[in-house]
Amino acid sequence: MRTKLVAGNWKMHMTHVQAAAHVKSCMAQIDAKSNVDVVICPPFLAIPKLSDALRSSHIRLGAQDVFWKESGAFTGQISASMLSDFNVSHCIVGHSETRGRFGKLETPESTLPFFSETDLTVNLKIKALLFRSINPILCVGETLAEREAGRTDEVIQNQIRGALQGIEDAELYFFVVAYEPVWAIGTGKTCDSAEANRVCGMIRQTTREMYSSELADEVRILYGGSVKASNANELFKQPDIDGGLVGGASLDPNEFSFIVMCA
Ligand code: PGA
């Protein structure tokens with residue numbers, strides 16, 4: 001039986017002061033006895049403060065990205081060992097926004113070269129996280145053009161195979177995948193729950209083919225993309241959806257707590 005997981009991805013929102021007030025409110029509202037794993041992924045600069053604030057809480061701390069080298073001349077980067085110093089337990093990898101693939105159409109295509117995450121860098125990041133015992137939350141998903149061309153499953157299978165290359169099954173027991181259709185992120189358009197469940201099932205089947213049934217049954221597969229209070233229940237009822245990666249709605253402590261309750 002997989003425990004449901006709800007992760008909040010705050011993206012580039014909240015100063016460290018706002019972040020502390022926000023988690024205080026979440027801690028007050030989210031039932032410590034509930035059988036749901038909750039992770040909050042703030043911007044890097046809020047991590048030290050939240051590490052203290054969450055010390056005796058059941059809410060876990062996550063990061064939004066990592067660099068794969070331990071240290072060195074890599075200006076602007078943060079390593080897995082730096083995250084583990086602050087008790088970061090999870091880290092998002094390969095988010096469509098770090099891959100330069102945005103759901104919001106007003107983001108110009110010309111920004112793409114500034115992001116340029118690839119399956120190879122995702123793979124290196126996952127290995128660096130596993131080395132430091134931080135659980136990766138691997139994001140996969142298709143753009144609208146890929147969906148309309150009937151390429152959804154192929155795109156996602158390639159992302160998973162690329163991300164997990166050279167990684168043994170024993171390392172992946174706490175691994176999390178988030179299916180995030182790019183066209184549903186920050187757009188208010190949610191993937192139909194039956195279709196989201198089908199894709200999550202396809203992801204599970206891919207891990208079964210790559211590794212084993214045992215691993216496929218353990219891996220938690222989340223849905224992300226405009227999850228909100230009004231659709232969380234329907235999404236989380238689906239047998240292959242083990243929770244959510246929540247962006248915009250995680251910025252409101254009341255709504256986020258309600259979504260956790262749905263899980
Ligand atoms: P959203 O973002 O919930 O605002 O669509 C989800 C995500 O990008 O992880």
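The values are calculated or read from the model by the stated rules, or taken from the named source; none is laboratory data. Treat the numbers as computed from the prediction; the structure is a model and nothing was measured. All Cβ positions, glycine included, derive from the backbone under ideal geometry; neighbour counts span all protein chains shown.
Of all residues being in contact with a strand residue (DSSP E or B) (Cβ under 9 Å, 6 or more places away or on another chain) and at pLDDT below 95 in the range 189-207, which is surrounded by the fewest Cβ atoms within 10 Å (Cβ to Cβ)? Just the residue, please.
Thr190
Going by what's in this entry, would Arg204 be described as out of contact with any Cys (no Cβ under 7 Å at 6 or more places or on another chain), within 13 Å of Val6 (Cα to Cα) and either more than 10 Å from the ligand (Cβ to nearest atom) or without any contact (Cβ under 8 Å) to a residue 12 or more places away in the chain (or both)? Let's see the steps before the verdict.
On the way: out of contact with any Cys (no Cβ under 7 Å at 6 or more places or on another chain): yes; within 13 Å of Val6 (Cα to Cα): no; either more than 10 Å from the ligand (Cβ to nearest atom) or without any contact (Cβ under 8 Å) to a residue 12 or more places away in the chain (or both): yes.
Criteria not met by Arg204.
Search the range 219-231 for residues that are closer than 15 Å to Ala184 by Cα and touching a residue at least 12 places away in the same chain (Cβ under 8 Å) and pair each with any residue that is within 12 Å of the ligand (Cβ to nearest atom) and of a type in the set (D, E, K, R) when their beta-carbon atoms are under 9 Å apart and the residues are at least 6 apart or on different chains.
From residues that are closer than 15 Å to Ala184 by Cα and touching a residue at least 12 places away in the same chain (Cβ under 8 Å), the pairs are Leu222/Glu180; Tyr223/Glu180; Gly224/Glu180; Gly225/Glu180; Gly225/Lys189; Ser226/Lys189; Lys228/Glu255.
Report, by residue number, each residue of the range 231-263 that is touching a helix residue (DSSP H, G or I) at 6+ places or on another chain (Cβ under 9 Å) and of a type in the set (A, V, I, L, M).
Correct list: Ala232, Leu235, Ile241, Val246, Ala249, Leu251, Ile259, Val260, Met261, Ala263.
Taking Cys191 as meeting all but one of (1) more than 14 Å from the ligand (Cβ to nearest atom); (2) under 17 Å from Asp242 (Cβ atoms); (3) part of a loop (DSSP other than H, G, I, E, B), write down the number of the exception.
Evaluating Cys191 over (1) more than 14 Å from the ligand (Cβ to nearest atom); (2) under 17 Å from Asp242 (Cβ atoms); (3) part of a loop (DSSP other than H, G, I, E, B) leaves (1) as the failure.
From Lys49, Lys33, Lys11, Lys69, which residue is surrounded by 15 or more Cβ atoms within 10 Å (Cβ to Cβ), basic (Lys, Arg) and farther than 30 Å from Glu146 by Cα?
After ruling out the rest, the residue left standing is Lys49.
Look through Ile241, Ile259 and report the one residue that is of a type outside the set (D, E, K, R), over 14 Å from the mean Cα position of the chain (by Cα) and outside any strand (DSSP E or B).
Unique residue meeting the criteria: Ile259.
Condition first: outside any strand (DSSP E or B), buried (at least 16 other Cβ atoms within 10 Å of the Cβ) and among the small types (Gly, Ala, Ser). Now tell me which residues in the range 175-188 satisfy that.
Within the range 175-188, Ala184, Gly186 meet the criteria.
Conditions first: (1) within 19 Å of Phe256 (Cα to Cα); (2) in a loop (DSSP other than H, G, I, E, B). Thr75 passes all but one, so which condition is the exception?
(1)
So Asp242 ticks every box in (1) closer than 24 Å to Ile40 by Cβ; (2) modelled with pLDDT under 95 but one. Which box is left unticked?
(2)
Among the strands (runs of 3 or more DSSP E) lying completely within the range 1-68, list those that include at least 2 residues that are more than 16 Å from the ligand (Cβ to nearest atom).
By residue number, 36-41, 60-63.
Kindly indicate whether Asp37 is of a type in the set (Asp, Glu), in contact (Cβ under 8 Å) with a residue 60 or more places away in the chain and closer than 21 Å to Asn135 by Cα.
yes
In the range 125-145, how many residues are surrounded by 15 or more Cβ atoms within 10 Å (Cβ to Cβ) and assigned to a helix (DSSP H, G or I)? Outline the logic, then answer.
Kept after step one, since they are surrounded by 15 or more Cβ atoms within 10 Å (Cβ to Cβ), are these residues of the range 125-145: 125-130, 132, 134-144.
Going one step further and asking which of them are assigned to a helix (DSSP H, G or I), we end up with 125-130, 144.
The qualifying residues number 7.
When only residues in the range 146-174 that are outside any loop (DSSP other than H, G, I, E, B) and among the aliphatic types (A, V, I, L, M) count, which is modelled with the lowest pLDDT?
Across the range 146-174, the extreme among qualifying residues is Ala170.
Report the residue count in the range 232-248 for those that are within 16 Å of the ligand (Cβ to nearest atom) and either free of Cβ contacts under 8 Å to residues at least 24 places away in the same chain or not aliphatic (A, V, I, L, M) (or both).
8
Out of the residues in the range 72-108 meeting the condition of being more than 20 Å from Tyr179 (Cα to Cα) and among the acidic types (Asp, Glu), tell me which one is surrounded by the fewest Cβ atoms within 10 Å (Cβ to Cβ).
Glu106
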